[in-house]
Structure formats: structure tokens, C-alpha cells
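A short write-up of the structure that comes next.
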Amino acid sequence: MNGWAGQILRVYLTEGKIVKEPLSEEMRLKYIGGRGANSKVLFDELKPGIDALGPENIFCVGVGPLNGTAFPASSRWTVSSKSAVNEGLSDGNGGGDFSTELKFAGYDQMIFYGRSPKPVYLYINDKHVELRDASKVWGKGTHQTNALLAQELREPELRVMCIGQAGENQVRVSKIMTNITRAGGKGGVSAVMGSKNLKAIAVRGTGSVKIAKPKEFHQAVKKAYGKIMASPFYNMFRQEGSLFLIKRYHELGSLPTRNLQAGYFEGWEKLTSEAFEKQFAVKHKGCSACPISCAHYFQVKDPKYGVYSESNEYGTTYPLGPKLGIDNLPAILHMQGICDDLGLDTHACGNTVAFAMECWQRGLLTLKDTDGLDLSWGNADAIIKLLPRIAYRQGFGDVLADGSEKSAQKIPGSQICLKTVKGVEVSALFLGKGMNFVQGLGYATATRGADHLRGGVQMYATGSRRLKETLGVEGAAATIKNPRSIEGKGVFLGLDQKISALFNSLNICAWAVGGLFGGLEPDEIAELYSLATGENSSGDDLLTTGERIYNIEKMIQLRAGFRRKDDTLPPNFLKMEETPRGPTGIDKTEFDNMLSQYYEYMGWDYDGIPKAETLVRLGLPDYAAGYRKHA
Amino acid sequence: MSIKLILDPILDHLTGNTREMEVEGATIGECLNAAVSRFPSARPGFFQPGGELIDYLNVLLNGKSAFPDELNKKVKDGDEIRIVLIVGGG
Ligand code: SF4
């Protein structure tokens, strides 16, 4: 088989049984791999109403046909399960080189069922697959887990996916880690891994990925690398990493500040890529097969905040910085190191701490509630103490360990401080004057709850041929450049979401996708995909696959009970306000019109339920007839 | 007549790291051309070969999007033109 390894693993943890199976043709061609294949398994196999942290939940790890090839930025992996936060879908996507190793070992997907009676890890060495006792690494952080497993297995080249103490303790604001600092997992999938007593997956693979047309594929890869390398955007991004967003979001009034109470942060200049590079960056670092290499190793020498780590990003800096009113970069880097080792998700955990700090600001929490921690904005030293307490569920840490919505049930009057959609904290940006309404629509409708990666926020469709074809050249330009008008936003977001489902299923990096900045567009991705797999597909074919996957996820959401009323935004976003620094938020009626526009483009009814004809068009006739039964 | 022009940092390597400058002109296009006459290497950073604004840039005039027909928008003394990168994500 070309592209795919052609084999999956089903691991029955309760019984300690492992079954190897061929990857089905339906899965390959209709769902590709990664996010698509995982979501399909969850939709088909999860029983309704089960406890997300009980043995009936299913945990999937998926990679795609391009992982392990030279395709640019094909480094990603996807983990998925039923959400432990909102009963819908939880998944996460991370980089590094774990996905490459798994493909080299010969597997496209792993599906874990049940719960092991004692802590275990899965060891894969090419054909050899076994569950092993994890008692030596249970209770250990991600650094030690990596080192101890490499030592135990005498495999210096081992690649490890694992949870830290947070996942073991079923903390919902946790994440799954590979390469020690590459993280993924929104919605508590790491807690699900912990609930299964599965500490890690350790892989060594010595094979390779077969390519259908190697010569043509490598020529096309060269062209794609050339395009990326020639782009001024990627030139800047390589230098600055995603930290480039700090100053831009501040200038656009959208830097999420003090639990999204504002879009400007007075301490922003201390957190920019320049400040980071000057003081702490050691050298560049990239994921496998990535011409962009956006990450850095970094070191803080000040003993108070000492840390040597890598991959300081916007996604670690905003939730531990402006969102908490903290402008102390060494402290933020130190906190990132703590989160990576304990396996805490910087987004969900940082956002939940921000919620607690707003509770403090409003007098809803006092020293008595917080075990003596002063949660005033900017108090980094208190947060450094709080993070391990969250991971170990100690005292007030236990109140926050399940995310802000569940914490709010324990803090009277704190609903006002919640900034969530479907139980998931709004991440990455504030809807300030410069931000595009499509970003709000993206948060409201994403299939994991508020989400900056599913589409809308990252705006993958900017510059795409299809946006221009659907809206006209002027219309496409207008919807991008008139951020605060609702025109065209439904199409913009719908396209974005199909693109995101596609690249997450191929498991290529979000940053390598998008026409406007010289990233890859669906037609270019399709050319490379066809040459690698031998399955001739156009960009349109692949986008239809992305749409099919998005609809499967939408049905998982519907099954969890979410409807139109839940496709909404936190109250302070659904309010247009004129501030001295420009307008913020969106008018509720305008938002509602935009939502209808989006449902119509997606072929969904007024309540956001896919119409039968949409599902038939997407090759899902069985679901068209019967999926309501599941709901 | 003096207009303040503020550039996105992605462009400042084309202007010798100058991000803010005072320029003169009656329209946004004239102001950008004034910057280009001072920093000729900035032309491909602002304009496509046919003279249109580069796709991934947005122009804010006194904080509001100047789209459509940005380059022909009239400006007056004391206005602020900000060239920003169209970005999102995290
Ligand atoms: S762009 Fe950055 S995060 Fe994405 S694959 Fe490359 S190095 Fe990794």
C-alpha cells in the first residue's frame, strides 16, 4: 500500500489483548486518517450516554498517509475520545516526530478500549506490540517518563506519547505530550488516557512509507518547499514563531487580557518575539519534515525561574501571560516548563486560572478559598504554586482541575466570569476592533467547543480560489478585509472548517496551509496526496472529504445534545460596544444572521442539523436515514 | 500636510527597520508611494506588480478598515494609516 501503512491496532486494555487489523478501504478513502478516522470510529462505536472517564470511552490515536514522507510539515498526530468536558468530541493535534515513527513501525491508527487493571504502557517495536507494566513511570512527569522508558527499553531512538501527573489524576485541563513539549488535547482526552491507566505509547519503527510515484512526488515536494521558502510571511514566521501574534493582536485590540475583559495588554512589549529572542532563545527547532521550523529551544538562567525547554509559542504565552495579567516573560517560560512536565494544557489550564483570577477580582474568592494564594492579576509566583496543585488535585487546585465551567458550579456567583462555548474556554483572541467576525462564528460553531484551530480564527481560506469562486473576487476580498461586516462570513467559515478537517486528517500542520501567505492550498495538497498514495483526487474531492468529516463531528455534537442555542458566544462577545479604542464584540442579531448564513452554506437546517440531502451528497446515506436515532 | 504611516513589522526589513514615518499625500496610495520614494525596496512589500495592494495586507485609516478601493481613499492632515497583516490563529 502507498501512503498509508495499511494496518491498525485495537488494544483491549481490560483484557490486555491486542488485535492487528488491516486499515479498511472505506476508512482510507472516505476519512483519510488522523482526525477523520478517529472521529468516524467514535461516532460509530461509542455508546450513547457513557461516562467519558469510564471504561466505555474509546481513545484513538491516528496519523495519516503523508506522515513519514517528505511532504512539508507532515509531522502531526491526532488523539481523540468522547469529551470529558462537554460530552461531545475531544481531540488534539500535536507535532514533533512521533507520527513519523508510528508510520515507520507500520501503523495508521490505534484504538484503545476498556481500562487496564493497573498502569501500563504500549510498546511498539515494528511488528512487536505489547502492553507493559508502567509502575516505574506512573507518577512521573513527561521528562522522566521519556528518559525512563528509553532506558528500560534500551532504545535511545524511542518516540514517546505520554501523559503527565495531570492526566493520571484525570485532570480535565490536561494534555497529551510527545517529544516532551509537543502537546495536543482539548476537552480532556489526556484525562481519558489517564482513566484507562494508559501512561504512554512508546514506539520504535524502522520501516518507511511507500510512495506511489516517488520521482514525481519528490519534484512536487521540492516545488512546495520552494513556495513556502519564498514567502515573506514564512520568512518572518520562521524567525519569530507564533509569538509574532502578540504585537499584532495587541495592535488590533484582540490580545486576550485578564480573562477576556480587554483586548489590550499594557505589558505586551515584554512578551514579544523580539523580547523572547533577545533574552531566552537558544536556537531554532522544527518538527519533522518542516521547512518552516517555527520553534526555538530556550533557556532562562535566573535561578528563580530557571528552565531549559523548547517551543515557546503564542499558545503558551497568551494563556499564561496577558490572560492572567502577567508580563514577566521568564516566569511565563518557567510556567510553560511546569505545564509541559505535569502534562497541563496551557490553553485550558491558563484560561481556567484566568477565570479564577476574575473571580478574585470580583471578590468571589478570598485567601480562605484559595489556600492562601493571592490571585491578583499579574501574580506569577502564586500561579507557579497553583499549577502543581491543579495537576495533583490538591485543595483549591482540585476546584480548578476540571475546567472553568465545572469550577463555576463550586464558586457561588461566578457564572459572570465564564468565557466558554459548550463548556470549553475561548482561547487565543478577544473580539476586538481589528478582528474578523468570522472568528467569533468559528468559536461558536467548532466541533470541540470554543476553538481557535477548527477554522474561522486561523482563517485558512483567505486567498483561496474557492472563496473567490463562491463570493466573487470583490466579495472574497470584502469578507476578509471588512472584518466587522457579516457579509460572506458563512461561506468563509464553512470553507475554513472543511480545510481544517482535511489537513488534520492528513495530519499536516495548520501553519503550512492557506493561500494568502504562500502556504499550501487544497489543489496543491491534492496533487501531492495523489502522487504519494496513488489515489487520484482533486482539491474538490479532498474538500468533500473534509466536509464529510466535519459532518460526522457535527453529528457527535448533536448526539451530545447541542443545538443552535449552543452555537453562541460568551455574553461579553455578543454585545457591540464602542470603546475609546474602537468597537468590540458583535451585535446579537447580526451574529444570528451570520449563523443562519453559515448553516445554509453547510446544508444544515435552522437548528444546525445536517439535512438528509447533505448527508446523501457526502456519501453518508445510512446516517441520513438513521443518525437521529443515535442522538 | 502630514500623515502618520505605521507599518506591520513584516514590512520593516524593507524600510531599514523604520515602522513609523510621517508622509505626505492626498490619498492612501499617494502616501504609500511617498514611503516608497524614501525606501524604494518597499515597493514589492506594498504593491503587486500591477500596482494593487498586496493581498495579505489590510489598511486601517484612523483605526477603521479602508476597504474597498483603499489606495484611492482620501486622507487629511493628522490622519493615521496603519498597514496590518491579515492574521488569525494561535
Ligand atoms: S510550522 Fe512549526 S509547529 Fe508546524 S510543523 Fe513546522 S515547526 Fe512544527
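Data table
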quantity	calculated
Segment A:370-394 residues that are among the polar types (S, T, N, Q), paired with ones that are modelled with pLDDT of 95 or more (beta carbon under 7 Å, 6 or more apart)	A:THR370/A:PHE396; A:SER376/A:TRP360
Residues satisfying the stated conditions in segment A:521-538, i.e. surrounded by fewer than 23 Cβ atoms within 10 Å (Cβ to Cβ) and either in contact with a Cys (Cβ under 9 Å, 6 or more places away or on another chain) or not in a loop (DSSP other than H, G, I, E, B) (or both)	A:ASP523, A:GLU524, A:ALA526, A:GLU527, A:SER530
Any chance B:PHE47 is more than 9 Å from chain A (Cβ to nearest Cβ) and hydrophobic (A, V, I, L, M, F, W, C)	yes
In segment A:479-498, residue nearest to the ligand (Cβ to nearest atom) [restricted to those that are within 13 Å of chain B (Cβ to nearest Cβ) and either touching a Gly at 6+ places or on another chain (Cβ under 6 Å) or under 23 Å from A:ILE292 (Cα atoms) (or both)]	A:ASP496
Top-ranked residue in segment B:57-79 [being in contact (Cβ under 8 Å) with a residue 40 or more places away in the chain and within 14 Å of chain A (Cβ to nearest Cβ); ranked as least open to solvent (accessible area, probe 1.4 Å)]	B:LEU57
Filtered residues of segment A:263-296 (kept if of a type in the set (Ser, Thr, Tyr), within 14 Å of the ligand (Cβ to nearest atom) and farther than 15 Å from A:ILE332 by Cα)	A:SER288, A:SER293
Answer from A:VAL129, A:VAL85, A:VAL79 - the residue that is open to solvent by less than 10 Å² (accessible area, probe 1.4 Å) and in contact (Cβ under 8 Å) with a residue 24 or more places away in the chain	A:VAL79
Unmet requirement for A:ASP345, which otherwise passes all of (1) within 14 Å of chain B (Cβ to nearest Cβ); (2) within 15 Å of the ligand (Cβ to nearest atom); (3) under 18 Å from A:ILE180 (Cα atoms)	(2)
Of residues in segment A:188-209 being open to solvent by less than 10 Å² (accessible area, probe 1.4 Å) and of a type outside the set (A, V, I, L, M), the one nearest to A:SER90 (Cα to Cα)	A:GLY188
Filter result (within 11 Å of the chain's Cα centre (by Cα) and more than 10 Å from chain A (Cβ to nearest Cβ)) within segment B:4-18	B:LYS4, B:LEU5, B:LEU7
Matching residues in segment B:64-90 - criterion: being closer than 30 Å to A:THR317 by Cβ and over 13 Å from the mean Cα position of the chain (by Cα)	B:LYS64, B:ILE86, B:VAL87, B:GLY88, B:GLY89, B:GLY90
Selection status of A:ILE508, aliphatic (A, V, I, L, M), away from chain B (no Cβ under 14 Å), touching a Ser or Thr at 6+ places or on another chain (Cβ under 9 Å) and open to solvent by less than 10 Å² (accessible area, probe 1.4 Å)	yes
Tally of residues being open to solvent by 10 Å² or more (accessible area, probe 1.4 Å) and in contact with a strand residue (DSSP E or B) (Cβ under 6 Å, 6 or more places away or on another chain) across segment A:393-418	1
Condition met for A:MET576 (under 16 Å from A:LEU431 (Cα atoms), aliphatic (A, V, I, L, M) and at pLDDT 95 or above)	no
Any chance A:GLY561 is out of contact with any Cys (no Cβ under 9 Å at 6 or more places or on another chain), part of a loop (DSSP other than H, G, I, E, B) and not hydroxyl-bearing (Ser, Thr, Tyr)	yes
So A:LYS186, is it within 14 Å of another protein chain (Cβ to nearest Cβ) and away from the ligand (no atom under 16 Å from the Cβ)	yes
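Yes/no matrix, rows are residues, columns are (1) under 24 Å from the mean Cα position of the chain (by Cα); (2) in a loop (DSSP other than H, G, I, E, B); (3) of a type in the set (Phe, Trp, Tyr); (4) buried (at least 18 other Cβ atoms within 10 Å of the Cβ):
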position	(1), (2), (3), (4)
A:LEU9	yes, no, no, yes
A:THR14	no, yes, no, no
A:ILE18	no, no, no, no
A:VAL41	yes, no, no, yes
A:LYS47	no, yes, no, no
A:ASP51	yes, yes, no, no
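The values are calculated or read from the model by the stated rules, or taken from the named source; none is laboratory data. These figures come from a predicted structure and were not determined experimentally. Don't worry about glycine lacking a Cβ; one is built from the backbone with ideal geometry, like all the others, and counts go over all protein chains shown. Quick note on the areas: whole protein, heavy atoms, side chains included, nothing else; ligands and nucleic acids left out. Shrake-Rupley method; radii C 1.70, N 1.55, O 1.52, S 1.80 Å.
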